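No lab work stands behind these numbers, since they all come straight from the coordinates. Keep in mind it's a predicted model, so treat the numbers as computed, not measured. Neighbour counts are summed over all protein chains in view; Cβ atoms, including those assigned to glycine, are modelled from backbone coordinates with ideal geometry.
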Amino acid sequence: MRNVIASIYFLYSLNPHKIRDFAGFLFYITHMRGISSKEFGIQAEMSCFPFGVTAAADAGGGRGDKALLDSFMLKNAVFVGVNIKNNHTDFTRTEAKLMQYGDKAIGLKVYFDTTVSEVSDITPLRETCEFAREKGLRVMVHCSHSPVSMAEILNTLGEGDLLTHSFHGGANNAAEDGFESMRNAQKRGIVIDVGMAGHVHTDFGVFQKAIQCGVVPDTLSADITKYSAYTRGGRYGMTMCMNIAKTLGMREKDIFRSATANPAKALGKDDEWGYLKVGRKADIAVFDYTDEGFDLTDRAGNHIQNTKGYRCVLTVSDGQVVYKN
């Protein structure tokens, strides 16, 4: 069989701490052109392959269909958005989009955010979770600017559901109860995702405090859009998210696990993605830790910078070189 992994060897260079090679990374938050809204959509491969990402999930899926996703070189899946009006969820359009995406649709996306949705209490999220259970789908909830506490959100979610923008600042953030609700949620199998969005949906102080308290995110994602790619803080993409996490104190093994095996499992794709295994399609990313600096200030005024960082030097998808630096 062509383009699959035939064997795996461990290679040691003169500087083993400099070069890393891993299974291709996964975003499970991105906004692909033609799939997400016109406002945010970005060309899928351009925002992924140069950062070692070989698979991604679109968070919203308001415009595309299965045929379009099948045309991408990038492996993919989609969370279909739900419409919230007057603090209740209307699933009419959601039902139609689920039909259009077929098996590409792995879950539902809820913007539980008072600045973009008509939400005032937990009702729309509860309705979405009930609908998702009936359909056998997972729920991803955008929790920035939530009208309720983090504890109430997490208590509404079930095993396999996902919280994104988990370390946002402002009201109803995870630090308000000392991250206790987040610890309990992880024990129940709820996936805690960073959903970095550069400096937009992550408070670096909250994220760092969580790490110091022993609360490590399950998954690390960029939430990349046409407004953020290659611009925020330098060369924004998945590698910068890794660099930020490392600078804030996250251990390297946790960083790479949160970008490979963990998101594959969170998306229900761990039998295909996220691991280097003999017989699997060869999705490989090679990294250098070098002069890849960044400089970001979040909305709370927390400033973070580093002159060093991860840089992707090679991405292989299905056994084919798709990016080389």
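Quick notes
- Taking a straight Cα-Cα cut-off under 28 Å and skipping sequence neighbours fewer than 8 places away in the same chain, the lysines within cross-link reach of residue 281 are 18, 66, 75, 104, 253, 265, 269, 324.
- Formal net charge of residues neighbouring residue 209 (Cβ-Cβ distance under 15 Å; K, R +1; D, E -1): -4
- Residue 152-residue 291 pseudo-label distance in nm [points 7 Å out on the Cα-to-Cβ vector]: 5.2 nm
- Couplings 3J(HN,Hα) of region 216-222, computed from phi: 9, x, 6, 9, 10, 9, 8 Hz, in residue order, whole Hz [Karplus 6.51 cos²θ - 1.76 cosθ + 1.60, θ = phi - 60°; x for Gly and Pro].
- Extension gain for residue 86 to residue 278 (0.36 nm times residue separation, less C-alpha to C-alpha distance): 64.0 nm.
- Packing-based ranking, highest mean first, of 319-325, 182-188, 44-50 given that Cβ atoms within 10 Å are counted: 44-50, 182-188, 319-325
- A crude spin-label estimate for the pair residue 184 and residue 171, with each label 7 Å from Cα along the Cβ direction, gives 2.2 nm.
- Protection proxy ranking for 282-293, 189-200, using the average of other Cβ atoms within 10 Å per residue and placing the highest first: 189-200, 282-293.
- Applying 1/(1 + (r/R0)^6) with R0 = 51 Å to the Cβ-Cβ distance of residue 121 and residue 321 gives a FRET efficiency near 0.50.
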